[in-house]
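Visitor: I have a structure I would like to understand better, so I am pasting it below and will then ask my questions one at a time.
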Amino acid sequence: MKKVVLVTGANSGIGLALCAHLLSQDAQLQLCLACRNMQRAEAVRQALLVSRPRAQVTLLHLDVGNMHSVLRAAEEFKQKCNRLDYLYLSAGIMPNPRVDHKAFYKGLFSINVVCMFATGEGILTQEDKVIPIGLQEVFATNLFGHFLLVKELEHLLCQMDHNSLVIWTSSSNAQRSAFSLDDIQHQKSHEPYSSSKYGSDLLSLALNLICSQGLYSSVICPGLVMTNLTYGILPSFFWTLIMPIMWLIRIFTNTFTLSPYNGAEALFWLFMQKPESLDPMAKYHSLTSGLGNNYTQPHKMDNDENMSEALYVKLLELEDTVRKKLRDEDLYIKTKN
Ligand SMILES: NC(=O)C1=CN([C@@H]2O[C@H](COP(=O)(O)OP(=O)(O)OC[C@H]3O[C@@H](n4cnc5c(N)ncnc54)[C@H](OP(=O)(O)O)[C@@H]3O)[C@@H](O)[C@H]2O)C=CC1
Ligand SMILES: CC(C)=CCC[C@@H](C)[C@H]1CC[C@H]2C3=C(CC[C@]12C)[C@@]1(C)CCC(=O)[C@@H](C)[C@@H]1CC3
């Protein structure tokens with residue numbers, strides 16, 4: 001049976017590297033690239049087909065930060081495919097990132113220096129905004145849109161005859177201290193990225209605990225990778241300039257995977273595993289040794305079942321509110337026409 005794989009954020013960075021890797025491994029694969037920009041998506045599809053001309057690569061229009069788009073995309077996917085084996089949730093944003101230079105230099109001379117380079121903890125903040133539906137943008141894109149997509153595709157994911165796996169691209173920057181159950185959208189502070197990634201860790205655990213038969217969920221961390229996301233933190237020429245320093249740092253922290261191919265290691269590794277053999281409490285890290293060898297290692301996540309179930313309940317409540325808003329908007333448009 002041909003495996004069906006859906007990848008969000010497939011047109012660049014880690015998502016794109018994963019797609020190329022998957023196609024080189026399994027030519028029989030049915031791969032669906034879910035992207036918000038169809039021109040970029042088509043260019044990527046053509047590029048992937050150059051090395052695998054007979055591969056089955058389709059496109060799906062999806063803006064994961066727009067809930068209308070999520071519902072439409074899920075509907076379109078269900079019409080096209082009657083099976084889904086792997087759902088890779090790789091789309092993500094970190095808008096207006098700021099490096100706290102004072103904290104960075106302080107961290108350089110502290111005993112936590114390796115941890116600082118591995119997680120970016122305490123030195124990175126972002127400016128978030130509210131999108132038209134009333135959600136915080138980072139929460140909507142990195143977490144809620146994906147949650148809604150999983151809910152919409154639940155019937156395809158929960159099948160009796162085979163297991164399927166949802167894979168969240170989280171981060172080592174996901175910190176419990178940045179997340180609050182009273183402020184799941186992170187309206188009140190300046191680490192929405194960390195909060196949304198911690199939320200995805202909790203949600204993955206909740207999916208394993210709550211969801212029906214056949215559906216499994218896992219979380220990965222790609223390490224620090226040079227992509228459009230990191231070029232938003234510091235310009236690409238700066239990263240190129242300090243590349244030799246980063247290769248040096250790699251000797252002390254194997255989390256500097258640096259290339260999208262290396263960063264996608266854990267995503268690809270999960271594709272090779274049986275979903276039922278995975279640990280729901282583990283985050284699977286892509287790691288690269290000082291000599292440049294890639295491997296995947298599980299690390300216990302800093303979360304608990306009660307918290308993850310509480311988040312799941314809050315997301316269900318928010319889902320109701322959002323669906324009602326979407327219906328009201330539809331009704332308004334219909335009555336206006
Ligand atoms: N780079 C790193 O060091 C790390 C990255 N990550 C995570 O890895 C994932 C991939 O990021 P990375 O490859 O680094 O960065 P990129 O910016 O290269 O990739 C992000 C992808 O997400 C897509 N995307 C963003 N917003 C939306 C949206 N609203 N709807 C649909 N697609 C969207 C982008 O599409 P478009 O091209 O249209 O913008 C792009 O394809 C993210 O979740 C990120 O948080 C985690 C840890 C470290
Ligand atoms: C490397 C040098 C000499 C300077 C750069 C310092 C920081 C800008 C850099 C150090 C650790 C980095 C890091 C991230 C961003 C850039 C740093 C803070 C992330 C937070 C990027 C996104 C993620 O999801 C994390 C896994 C990264 C962790 C490390």
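Visitor: Rounded if a/c is under 1.5, else prolate if a/b beats b/c, else oblate: with a ≥ b ≥ c from the C-alpha gyration tensor eigenvalues square-rooted, which is region 208-280?
Guide: Prolate, because a/c is 1.5 or more and a/b exceeds b/c.
Visitor: Related question: Mind ranking 30-40, 255-265 by how tightly packed they are, going by the mean number of other C-beta atoms within 10 angstrom, highest first?
Guide: 255-265, 30-40
Visitor: Sticking with this one: Calculate how large, on average over all directions, the projected area of the Cα convex hull of region 4-335 is; give the answer in nm² to one decimal.
Guide: With every direction weighted equally, the projected area is 17.3 nm².
Visitor: Rounded if a/c is under 1.5, else prolate if a/b beats b/c, else oblate: with a ≥ b ≥ c from the C-alpha gyration tensor eigenvalues square-rooted, which is region 41-104?
Guide: It is oblate, given that a/c is not under 1.5 and a/b is not larger than b/c.
Visitor: Quick check: Cα centre of region 111-157 to Cα centre of region 15-32, how many Å?
Guide: 25 Å
Visitor: Please build a GNM for the chain, connecting alpha carbons under 10 Å apart, and tell me which residue among Leu207, Leu326, Leu62 fluctuates the most.
Guide: Leu326
Visitor: Once whole DSSP H runs in the chain are found, which of them have Cα atoms spread over 24 Å or more along the helix axis and a mean Kyte-Doolittle score of at least -0.5?
Guide: Those that clear 24 Å and a mean of -0.5 are 192-210.
Visitor: Relative contact order, percent, of region 4-335 when contacts are C-alpha pairs under 8 Å separated by at least 6 residues? Mind dumping the intermediate values first?
Guide: Working: 603 pairs, mean separation 55.5, N = 332.
Relative contact order comes out at 17 percent.
Visitor: May I ask for the net charge around Asn37, where only other residues with Cβ less than 13 Å from the Cβ of Asn37 are counted and Lys, Arg are +1 while Asp, Glu are -1?
Guide: Values: positive: Arg36, Arg40, Arg45; negative: Glu42, Asp63.
Within the 13 Å Cβ shell, the charges total +1.
Visitor: Give me the dipole magnitude in Debye, nearest 20, for the chain about the Cα centre, with unit charges on the beta carbon: positive for Lys and Arg, negative for Asp and Glu.
Guide: Charge dipole, the chain, about its Cα centre: 860 debye, nearest 20.
Visitor: Assuming a ≥ b ≥ c are the square roots of the Cα gyration tensor eigenvalues, decide whether region 182-321 counts as rounded (a/c under 1.5), prolate (otherwise, with a/b larger than b/c) or oblate.
Guide: oblate
Visitor: Sort 153-165, 104-116 by the packing proxy (mean of other Cβ within 10 Å over each peptide's residues), most packed first.
Guide: Numbers: 153-165: 16.2, 104-116: 12.8.
Top of the packing list down: 153-165, 104-116.
Visitor: Between Val113 and Cys158, what is 0.36 nm times their sequence separation minus the Cα-Cα distance? Round to one decimal in nm.
Guide: This chain segment gains 11.9 nm when fully extended.
Visitor: Which of Pro95, Pro280, Pro132 moves the most in a Gaussian network model of the chain with Cα springs under 10 Å?
Guide: Pro132
Visitor: Now a separate question. What lysines does Lys197 reach when the alpha-carbon gap must be under 22 Å and sequence neighbours fewer than 8 apart in one chain are set aside?
Guide: Partners within reach: Lys129, Lys151, Lys188, Lys283, Lys300, Lys314.
Visitor: Here's another thing I want to ask about it. Lys/Arg Cβ at +1, Asp/Glu Cβ at -1, dipole of the chain taken about the Cα centre: which of Ile251, Leu31, Gly290 is farthest positive-ward?
Guide: The one lying farthest along the dipole's positive direction is Leu31.
Visitor: On to the next question. If you take the Cα atoms of region 22-135, find Rg, then find the Kirkwood Rh from the mean of 1/r over all pairs, what is Rg/Rh?
Guide: Answer for region 22-135: 1.12.
Each value in this text was obtained by applying a stated rule to the coordinates, not by laboratory testing. This is a predicted model, so every value here is computed, not measured. Because the Cβ atoms are built from the backbone with ideal geometry, glycine has one as well, and the counts that use them run over all protein chains shown.
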